[in-house]
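Following: one structure in structure tokens, then a few remarks.
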Amino acid sequence: MAIASVLALVLFSGSPLHALFGFGHKNKSGSGPYPTLTPDQVSLLRRAAYREKFLIQVIQQHTPLIQTYLQHMRPDRQLGAVPTSDLYLLGRVDFQGRFNDVLYKKPAVTSGALDLPANLLDKLTGVFRLRMAPNGFMDMMFIDYRSFDFAHYRFRFIRREFLGSVRTLVFDVTPRSGSGRGRFAGRIWIEDQDANIVRYTGTFTHAGFHNAYFHFDSWRGNVQPSVWLPMAIYVEDRDFRAQSHIWGYGFRLPAAVVADNQADAAEPAEQPDTGPQDLSPLQAQRAWETQSEQNVLDRLTQAGLLANPSDFDTVLQTVTNNLILGSNLALPGDVHCRVLLTSTLESLAIGNTIVLSKGLIDVLPNEEDLAAMLSFQLAHIALRHSIDTRYAFSDRLYFPDENTFQYILMGHSPAQNQEAVAKAIDIFHASIYANKAASVGLFFAQLAQVQHHIPALLSPRLGDSLMSPGGAPWLAAFEQQAPPLQIENLQQVAALPLGSHLRIDPWTDEVFSLHFSPAQLLSARDKMPFQVTPIYYRLQRFTAPEAGGPSSTPAAEH
């Protein structure tokens, strides 16, 4: 059924109240599975059904990005479960008129050694698209975008529960007999102020011939006043686990909002050029490189791939400055740092801007590991492995977002990477992190051990891989200073699971540091290096930003 038709439906049918609201489902003994709901619970569920339809109206005005990373797992006696293969997909979804996902195409030039075999990639992609899209994955963003109401579902109140600072009421939900295929069956959490469904776990029933639906845990964030939008989905079923993250809602704003923002926000005053009247040829060349750098940064931000500047950039900047000061590097200009929003483990230098992916930052256990990654790209900058200055022509960046990985190529050649390795080692050993090289070595030892099982995670989309074409880490020299990798040693944590450090604000595309006390490791299976894990958010309600403060309040914390 088209979304326009869905929106035209009345919220509830003309059935009698006892059928619509669950009255009369209590058995004679009074202990039936669906006891009578209270009037307040009925009212809350009616409002929640309305909010689901309102959500569809809101989300039609946006084109978010959806990133899914999937790991196939096998049982392991020592570690519980370990990945055996993986799949990475990134796409933008357009909800106007119909559900339509457009996948970002892979780079035209790849590392080769880390690519999945073509037949395996086709098989995995086919499975993903069959089971996760369009009628599986898209549906996981909604409970039932066609008809979530009392006419099609039965509800049972379970308890009240806080998710972070948000108080919710929890209900079990099952489809009524004869209500049709693909109905949701599971549990929902409804926040108690505006009756938005903020979390739901379960599956879809009677999927048909392909049995296309898996079990999932879907979370929403309060991104604007009274608006909760899908932000993350965890899927676990059979032999795989997957995380999907959704962001970029701010790309398409309602016309009224755009007009209000334009009216309220005065454009910054133009600043005169107070520098020398003329530029030397060298200064002109560097200015041309800076223009190329800015054009690429702007285009990656517009494509939803580069995080907007945030406080975490200063963390990266501090570590980078420590490296620069230690070696007293002479650089062509100030070095800046940004975060790539994707999970693939990669780094790149865009002119004088070092970019690390969120996925790479997440799996690094210590600051010295972060320093090693930054030193690699800092070495490229110091060696003047400059940006392609053809990007200074802005028209070269006029292409659909899904072609970004094909037209923006920031990876260095193997020869340049090899030259940067030696320089990076020198930079690291001249810094305050020099005596912690063993920790960095452990990370690369762990990476080398699992690399053949996570090729998609290690395949860069924009920049440089952690692995050389020969299959060894580029910075493998650090392994020489590391102790042996000991899986059973709970004091030795070589690498972290995905999602260990940063979260994404789905509205502003900023990243924020997670704040938690690490749980005590009880066995080797608690380490989970490079693995997909369940998602859990401490939900928060939206509050208007203070003048001069962050652009929004984060929707949730882990």
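Observations on the model:
- Mean Cβ count within 10 Å, highest first, over the residues of peptides 165-174, 479-488, 144-153: 144-153, 165-174, 479-488
- Inter-label distance, nm, simple model (7 Å from Cα along the C-beta direction), Ala151/Asp94: 3.2
- Per-residue HN-Hα couplings for segment 443-452 [Karplus 6.51, -1.76, 1.60; θ = phi - 60°; Hz; x = Gly/Pro]: 4, 6, 5, 5, 4, 4, 6, 10, 4, 6
- For Leu325 and Gln60, the difference between the fully extended length at 0.36 nm per residue and the C-alpha to C-alpha distance is 90.4 nm.
- As a length-normalised measure over Cα pairs under 8 Å and 6 or more apart, the relative contact order of segment 148-232 settles at 18 percent.
- Across the options Gly463, Leu364, His452, the greatest Cα extent toward the positive end of the charge dipole of segment 352-509 (unit charges at beta carbon of Lys, Arg, Asp, Glu) belongs to Gly463.
- Extension gain for Val170-Arg77 works out to 29.9 nm (0.36 nm per residue, less the C-alpha to C-alpha distance).
- Per-residue Cβ neighbour rank within 10 angstrom, fewest leading, Tyr407, Tyr234, Tyr88: Tyr407, Tyr234, Tyr88
- Radius 13 Å from Cβ of Arg220, net charge of other residues (Lys, Arg +1; Asp, Glu -1): -1
- Charges were assigned to the Cβ only: +1 to each Lys and Arg, -1 to each Asp and Glu. The resulting dipole of segment 283-505 about its Cα centre is roughly 260 debye.
- Under 9 Å, Cβ to Cβ, from Pro534 - net charge with Lys/Arg +1 and Asp/Glu -1: -1
- Taking a sphere under 11 Å around the Cβ of Arg51 and counting the other residues whose Cβ falls inside, with K and R at +1 and D and E at -1, yields a net charge of +1.
- Förster-model FRET efficiency, 22 Å R0, Asp334 and Arg384, C-beta, rounded to 0.05: 0.90
- Between Gln491 and Asp194, the contour length at 0.36 nm per residue exceeds the Cα-Cα span by 102.3 nm.
- The order of Glu161, Glu419, going from fewest to most other C-beta atoms within 10 Å of their C-beta, is Glu161, Glu419.
- Averaged over residues, the count of other Cβ atoms within 10 Å places the peptides 326-338, 375-387, 304-316 in the sequence 375-387, 304-316, 326-338, highest first.
- Estimated FRET transfer efficiency when R0 is 56 angstrom, pair Ile158-Gln285 (beta carbons, to 0.05): 0.25
No lab work stands behind these numbers, since they all come straight from the coordinates. Because the structure is a prediction, the values reported are computed rather than measured. When we count neighbours, we look across all protein chains shown, and the Cβ atoms used for this are built from the backbone with ideal geometry, even at glycine.
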